[in-house]
Amino acid sequence: MLENDSWFAIVNPQSANGNTKKRWPEYSKRLIKGGYRLDFAYTTEPGDATRITQRKLKEGYTHIMAVGGDGTMNEVVNGFFSNGQLINPEAELALFSHGTGGDLIRTLLISRGIESFLDTLGRGHKRLIDVGEVLFQDEQGQQTQRYFLNVADVGLGGETVARVNKQSKLLGGKVSFLIGSVLSILRYRNKFMSCKIDGKLVFEGRLNSIMVANGRYIGGGMMIAPHAELDDGLFDVVILGDFSKLMLLRHLPKLYKGTHLEIPGVTVHRGRSVVITSIEKALLDIDGEQPGQAPLKFSLHPQALCLWG
């Protein structure tokens, strides 16, 4: 019989360029020494974290720990669901960020490292947060569903993530994504898209990107949606207009400061459902992964998941 506070950790050993596998034995000892009942499993391939999470929740675990980068955390969140429903509405999630991006923990105001994570667990602060859901077209042209906690991005961000994930991230998340962003800006061509929010057409024309945000940060520290809240029941939808390459490069520093909303051509909308279509191939980024492309349909599940932090 499982103890109600037994934790199961899903660990991506390849995160942080393989450093997680080296450090996890030390981290697990610290957690056990801190009084936490802990079992764990390493992931071995894409999608593994989702499958392991689903299996462990069905076995009776109610406390799940995601250990890795934003992509690992996204897979674990998807494992909380099966057939469109939460496997256990009482289950809880803790995020031990040990990847290169770390964007979600920035919104949570959680620092990296085992000491910060132990402090998060020790404080016992939990809250119900919103979960985003998106229907999109995968590489085989099939409609696919995915859940997310942080930010989805269609356009430039999708192409940037596709480029960055094919390369080493030894330089760290911020530098890797900054280099990837600059290279993508130089090669990217703005797309013709339409965007409806809660059934109302808010934009149709050529644009750079549309961000559907639950959290605030993307791309290793860009504060793309500075007013987004994880538990307010609404997406913040940030649209970057038909910007030239030069204008994007000139204003790139503002994305990290969250001051880009003042730039003419940047608009912000809020709502619970978002539909995005494009007559051109527009790639999707979800929490640092690039699983498919438009057309896209987003919906929000208010305060659906209990998160530590």
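The values are calculated or read from the model by the stated rules, or taken from the named source; none is laboratory data. A quick note: this is a predicted structure, and the numbers were derived from the prediction, not measured. Cβ: placed from backbone, ideal geometry, glycine included. Neighbour counts: every protein chain shown.
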- [ ] Could you look through the stretch 126-163, keep only residues that are under 15 Å from the mean Cα position of the chain (by Cα) and not in a strand (DSSP E or B), and pick out the one that is surrounded by the most Cβ atoms within 10 Å (Cβ to Cβ)?
- [x] GLY157
- [ ] Identify the residue in the stretch 72-85 that is touching a strand residue (DSSP E or B) at 6+ places or on another chain (Cβ under 7 Å) and outside any helix (DSSP H, G or I) and, among all such residues, is nearest to GLY124 (Cα to Cα).
- [x] PHE80
TODO: Output the residues belonging to the stretch 67-88 that are small (Gly, Ala, Ser), more than 9 Å from the chain's Cα centre (by Cα) and closer than 12 Å to ASP48 by Cβ.
DONE: GLY68, GLY79
Task: Residue satisfying all of: in the stretch 192-225; of a type in the set (D, E, K, R) and within 22 Å of LYS254 (Cβ to Cβ); surrounded by the most Cβ atoms within 10 Å (Cβ to Cβ) among these - done: ARG216
- [ ] Among the numbered conditions (1) crowded, with 17+ Cβ neighbours inside 10 Å; (2) within 29 Å of GLU139 (Cα to Cα); (3) under 17 Å from the mean Cα position of the chain (by Cα); (4) at pLDDT 95 or above, tell me where LEU230 comes up short.
- [x] (2)
Open item on the list: One residue is enough: does the stretch 57-71 have a residue meeting the conditions within 27 Å of ILE218 (Cα to Cα), touching a Phe, Trp or Tyr at 6+ places or on another chain (Cβ under 9 Å) and not in a strand (DSSP E or B)?
Closed with: no
Task: Subset of the stretch 77-108 [of a type in the set (Ser, Thr, Tyr) and either surrounded by fewer than 24 Cβ atoms within 10 Å (Cβ to Cβ) or over 16 Å from THR20 (Cβ atoms) (or both)] - done: SER82, THR107
Open item on the list: Tally up the residues in the stretch 1-31 that are in contact with a strand residue (DSSP E or B) (Cβ under 9 Å, 6 or more places away or on another chain) and either loosely packed, with under 12 Cβ neighbours inside 10 Å or among the basic types (Lys, Arg) (or both), please.
Closed with: 3
TODO: Name the one entry in ALA282, ALA294, ALA228 that is touching a residue at least 40 places away in the same chain (Cβ under 8 Å) and under 21 Å from LEU109 (Cα atoms).
DONE: ALA228
Open item on the list: Just checking, does the stretch 251-265 include any residue being touching a residue at least 60 places away in the same chain (Cβ under 8 Å) and crowded, with 20+ Cβ neighbours inside 10 Å?
Closed with: no
Open item on the list: Could you go through the stretch 56-64 and let me know if any residue there is modelled with pLDDT of 95 or more, farther than 25 Å from LYS33 by Cβ, aliphatic (A, V, I, L, M) and not assigned by TED's automatic domain parsing to the domain that holds LEU38.
Closed with: no
Open item on the list: Taking the criterion of being free of Cβ contacts under 8 Å to residues at least 40 places away in the same chain and among the hydroxyl-bearing types (Ser, Thr, Tyr), would at least one residue in the stretch 106-124 satisfy it?
Closed with: yes
Open item on the list: Would you confirm, using the coordinates I've provided, whether ALA16 is modelled with pLDDT under 95, within 30 Å of MET223 (Cα to Cα) and of a type in the set (A, V, I, L, M)?
Closed with: yes
- [ ] May I ask you to verify whether ASP39 is modelled with pLDDT of 95 or more and exposed (fewer than 14 other Cβ atoms within 10 Å of the Cβ)?
- [x] yes
Open item on the list: Every residue in the stretch 20-51 that is within 22 Å of LEU121 (Cα to Cα), among the β-branched types (Val, Ile, Thr) and under 22 Å from the mean Cα position of the chain (by Cα), please.
Closed with: THR20
TODO: Only residues that are modelled with pLDDT under 95 and among the aromatic types (Phe, Trp, Tyr): list them for the stretch 256-309, please.
DONE: TYR256
Open item on the list: Condition first: part of a loop (DSSP other than H, G, I, E, B) and either touching a Gly at 6+ places or on another chain (Cβ under 8 Å) or of a type in the set (Ser, Thr, Tyr) (or both). Now tell me which residues in the stretch 265-292 satisfy that.
Closed with: GLY265, ARG272, ALA282, ASP287, GLY288
